[in-house]
1. Go through (1) over 24 Å from residue 75 (Cα atoms); (2) loosely packed, with under 15 Cβ neighbours inside 10 Å for residue 139 and report which single condition fails.
2. Just checking, how many residues over the stretch 204-243 are within 30 Å of residue 64 (Cα to Cα), part of a loop (DSSP other than H, G, I, E, B), modelled with pLDDT of 80 or more and of a type in the set (A, V, I, L, M)?
3. Within the stretch 133-142, track down each residue that is among the β-branched types (Val, Ile, Thr) and under 22 Å from residue 53 (Cβ atoms).
4. Looking at this structure, is residue 200 surrounded by fewer than 15 Cβ atoms within 10 Å (Cβ to Cβ), out of contact with any Gly (no Cβ under 9 Å at 6 or more places or on another chain) and in a loop (DSSP other than H, G, I, E, B)?
5. Please determine whether any residue of the stretch 60-72 is touching a helix residue (DSSP H, G or I) at 6+ places or on another chain (Cβ under 8 Å), under 26 Å from residue 193 (Cα atoms) and not hydrophobic (A, V, I, L, M, F, W, C).
6. Which members of the stretch 80-93 meet the condition of being in a loop (DSSP other than H, G, I, E, B) and under 14 Å from the mean Cα position of the chain (by Cα)?
7. Pull up the stretch 76-99, narrow it to residues that are open to solvent by 30 Å² or more (accessible area, probe 1.4 Å) and acidic (Asp, Glu), then point me to the one that is farthest from residue 127 (Cα to Cα).
8. For the stretch 78-97, which positions are in contact with a helix residue (DSSP H, G or I) (Cβ under 6 Å, 6 or more places away or on another chain) and closer than 15 Å to residue 43 by Cβ?
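The values are calculated or read from the model by the stated rules, or taken from the named source; none is laboratory data. These figures come from a predicted structure and were not determined experimentally. Cβ coordinates were reconstructed from backbone atoms using ideal geometry, including for glycine residues, and neighbour counts include every protein chain displayed. Surface accessibility is based on the protein's heavy atoms, side chains included, excluding ligands, DNA and RNA. Shrake-Rupley method; radii C 1.70, N 1.55, O 1.52, S 1.80 Å.
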Amino acid sequence: MMKIVVCVKQVPDTTEIKIDPVKNTLIRTGVPSILNPFDRNAVETALQLKDTYGASVTVLSMGPPQAKAVLREALSMGADRAYLITDRAFGGSDTYATSYILSSAIRHLGPFDVVLGGKQAIDGDTGQTAPSIAEHLDMIRLTYIMSMEIEGDKVIAKRQVEEGVEVIEARLPVLCTATKETNKPRYATIRGKLEYLKAEIPELTLEDMKDIIDTTKIGLKGSPTKVKATFTPKRTATGVRIE
C-alpha cells in the first residue's frame, strides 16, 4: 500500500492579526489559530490519492501542544494517523531548522512514497520549508501541482507555471506542494469531529529521534537566519495633484 505523509502548520488567522506599535511584534492574544489554508489543500490531495489508489495518510505538525487541534482537524477529514513534533529544543527554528526536523521525523516514521505540503504558510509566506524537506531527504520535488496520477512506481503531475500548465513525470518517492487551485478541500464530517475531538495525538520529541538528529541544526542556534524586525509599513501619499 502506498504511504503518504502530509506536513501541516497551525497559523494565526491573518485576517485578525495586528502588530504592536511599540514592540513591533505580532499580537497573538485573542487571535484564533487555524490550519494553514494551503496545507488543507495538501491534505485533500493526499485523501484524493487515498480514495483513488488506496493509501495510508499520516499527518505531521511541528509546534506547541495546542497545534494538536489542526492534526485533529486533518484526522476528521479522513487522515489515518497524526503526530505532533514538539520539544523545547526545537523552539526558535527558522525554515532551514524546521525543514531539517520535519525531514528527520519523516525518516523516523517512514519510508513514505509521497510527501505533501502547502506551497507556503500564510504567517511567514517564505515557501521554503517543503522544498527544503525534499533537499534533506534527497527527494524529487514538484511544486505548485494541479493534479497527480500514480502509475506503478512513477507519478505524473500537472504543475502550475507562468506560461500555463506543465506536465512532469517522476519516479517515487516525490515531494509535492499544493496551492488553492489544486483542489477544493472537503469539510470535516460531524462524525469525524466527534470521533477525534479528544483523541490522543502521539508526540515525537528530540529524545525519540536522537539517533538521527544533529542537534547543531535545530532550534535558535541551528538557524542560519534571524528576523531582525517586524513592522507595519508607513502609509504615504504617492499621488500627484495636477491643476
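1. (2)
2. Counting residues in the stretch 204-243 that are within 30 Å of residue 64 (Cα to Cα), part of a loop (DSSP other than H, G, I, E, B), modelled with pLDDT of 80 or more and of a type in the set (A, V, I, L, M) gives 6.
3. 140
4. yes
5. Scanning the stretch 60-72, I find at least one residue that is touching a helix residue (DSSP H, G or I) at 6+ places or on another chain (Cβ under 8 Å), under 26 Å from residue 193 (Cα atoms) and not hydrophobic (A, V, I, L, M, F, W, C), so the answer is yes.
6. Hits for the stretch 80-93: nothing passes.
7. 80
8. Those that are in contact with a helix residue (DSSP H, G or I) (Cβ under 6 Å, 6 or more places away or on another chain) and closer than 15 Å to residue 43 by Cβ: 78, 82.
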